[in-house]
């Protein structure tokens, strides 16, 4: 009987995954949300074989970074020790976010004396011009050098034992990529651009940007907009990675023509949805936080005139101040048309539109703060009167044989009557409610539009405007709640972007059960059109901007808003239920598979060790 010999299975080597980003433990914009929210899903799969690299800014790291005092003998610990011996200041510890991954942060300022030499080598090897660049670019170059040294040493010492993948996010983390490719470092590399540098600049400044994409010369455009170094770093990263990726099909088209390479994969963005899930509670949370918004609205508007809060809807938009890219221009135009439609139909519904974006300010408007403070005093006075009436009403009812309801005025002493009258009198005003909650350092396009359109919060306006040029946080004296609570309290989020590689703001609405408007020129909107035949039925309205001009899109948006306003309360509740029900689609546990594919492909494409 012949012996059956089992085939020898090839030994599977252990793997390491390293993610590198400027926004690791350093909140700047949307990439911070991408990286941070994805961590739990990555740690779930990779455990201690997953870690991140980022820049070290002491003030920011203080709240999110927990150092590991004694270096361990792990791959990471040994590489950190080696870099410290080489003279680099390297911080090693845990990122205090859900999942608590290990991170390495580099204080690149300590190698500033090497900047000129590093720049010379970048020019000599890759013709990367860095003359007269802004300080941020210099910081990025120094950070990139730290990344290059770390990954070179790691792969040199452990590349024969481990299959290593390094994933770079955005040009600000990618200056090491060309040299790592040149040196044939033993690791697979993935580069993700979340928005091309040129796209951000060109979209609001070049008419019919998407139509003319194939005809642009990327280097000429980069010189024209003064971003040649940044665009070249991004171009070199795209050319020298094993796997080129972006976050949406919309941006993939830019990569093909502006970065000279078709994307291998699209990696849609998600969220750690369990953070937002409030089973059977999200409707109650909406009511709870809507009541807080009511308090702000009363303080802001009722000083001048009042309206029925039960017939008031709260709309909002938020994000980086990019007037055209983010669709603020289109939103304002649609709101102006909506205001006219509601007036013409004699609607009794009031819309309060919040515009939340960061812009340079001196301080909060003193009148806005004063109105809020005086209203709080009115509340305190009423609560004192309520207590006084309650006690005396009880005594009167218990001791009197008269079954009639007594005159409550007799239970309020003259002091409280006078105080209430004087406080209310001092609060009431004939001035229009402010459209801006802060003193802006200079008038911007939003204020200019509101003035020209005469959207100035007149009593007859059905659409009221609150422009809040700052973040909403729990420490904010006007709102007294954080941004996520504010979103839950609103009825509709409006984000009809013209240039938006992904778009977290509408996604943040979806996971909180808030209907939202996006556009087919945003990555999120394009993705929704791909995965759902009728996203509107699920509370995600995808505005057609790719085929419609500005005025067509503005009219369509105003009609959509008008339709939303006319819907019944029951219909809006049912829609919120449907919106919340699709949030699991965007959980990183489901979307992580796209990243898994990219990491596997990088190892297949790298040169054999």
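Nothing in this text is a laboratory measurement; each read-out follows from the coordinates by a stated rule. This is a predicted model, so every value here is computed, not measured. When we count neighbours, we look across all protein chains shown, and the Cβ atoms used for this are built from the backbone with ideal geometry, even at glycine.
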Using the per-residue mean of other Cβ atoms lying within 10 Å as a proxy for protection, in what order, highest first, do the peptides 591-603, 154-166 fall? 154-166, 591-603
Could you state the principal axis extents of the C-alpha atoms in the range 392-432, from the largest down, to the nearest angstrom? 50, 19, 11
What do you get when you divide the Cα radius of gyration of the range 341-386 by 2.2 N^0.38 Å, with N the number of residues? 1.82
In percent, what relative contact order does the range 504-609 have, based on Cα pairs under 8 Å that are 6 or more apart in sequence? 30
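If packing is taken as the average number of other Cβ atoms within 10 Å across a peptide's residues, how do 58-70, 542-554 rank, most packed first? Don't jump to the answer; show the numbers that get you there.
Values: 58-70: 12.2, 542-554: 16.6.
Put in order of decreasing packing, that is 542-554, 58-70.
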Tilt of helix 249-258 relative to the longest C-alpha principal axis of the chain, in degrees (0 to 90, nearest 10)? 50
Antiparallel bridge percentage (DSSP; both residues within the chain; nearest 5): 20
Provide 430, 468 in ascending order of the number of other Cβ atoms located within 10 Å of each residue's Cβ, fewest first. 430, 468
Convert 25 °C to kelvin, take the viscosity as 0.890 mPa s, use the Kirkwood radius over C-alpha pairs of the range 1-133 as Rh, and evaluate the Stokes-Einstein diffusion coefficient in µm²/s, rounded to a whole number. 141
For helix 75-85, report the angle its Cα long axis makes with the longest principal axis of the Cα atoms of the chain; keep it between 0 and 90° and round to the nearest 10°. 80
Computed from every Cα-Cα pair in the range 132-236, P(r) in 5 Å bins starting at 0 and rounded to whole percents is 2, 11, 20, 20, 15, 12, 9, 6, 3, 1, 0
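What translational D, rounded to a whole number of µm²/s, comes out for the range 428-470 from Stokes-Einstein when the hydrodynamic radius is the Kirkwood one over Cα pairs, at 20 °C and 1.002 mPa s? Kindly include the intermediate steps, with their values, before the conclusion.
Numbers: Rh = 11.2 Å.
Rounded, D is 192 µm²/s.
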Using the Cα gyration tensor of the range 468-609, the equivalent ellipsoid's semi-axes, largest first and to the nearest Å, work out to 31, 21, 16
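If you average 1/r over all unlike Cα pairs in the range 456-525 and invert the result, what Kirkwood radius do you get in angstrom?
Details: mean 1/r = 0.0731 Å⁻¹.
One over the average 1/r among Cα pairs gives 13.7 Å for the range 456-525.
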Treating the angle as unsigned and between 0 and 90°, give the value, to the nearest 10°, between the Cα long axis of helix 282-301 and the longest Cα principal axis of the chain. 60
Debye calculation, C-alpha points only, no solvent: report log10 I(q)/I(0) for the chain at q = 0.07, 0.08, 0.09 Å⁻¹, in the same order as the q values. -0.53, -0.66, -0.81
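What percent do you get for the relative contact order of the chain when only Cα pairs under 8 Å and 6+ apart count? It would help to have the intermediate numbers written out before the result.
On the way: 1028 pairs, mean separation 93.8, N = 609.
Normalised by residue count, the contact order of the chain is 15 percent.
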Under Stokes-Einstein, with the Kirkwood radius over Cα pairs standing in for Rh, what whole-number D in µm²/s applies to the range 285-380 at 20 °C and 1.002 mPa s? 138
222 nm [θ] for the chain, helices only, -39500 (n - 2.57) per DSSP H run of 4+, per residue, to 500? -14500 deg cm²/dmol
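If we sort 39-48, 209-218 on the protection proxy, mean other Cβ atoms within 10 Å, highest first, what's the order?
Values: 39-48: 16.8, 209-218: 13.5.
Ranking the peptides 39-48, 209-218 by packing returns 39-48, 209-218.
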Classify the range 520-590 as rounded, prolate or oblate from the Cα gyration tensor: take a ≥ b ≥ c as the square roots of its eigenvalues, call it rounded if a/c is under 1.5, otherwise prolate when a/b beats b/c and oblate if not. oblate
Suppose we take every Cα in the range 408-491 and form the convex hull; what volume per residue is that in Å³? 201
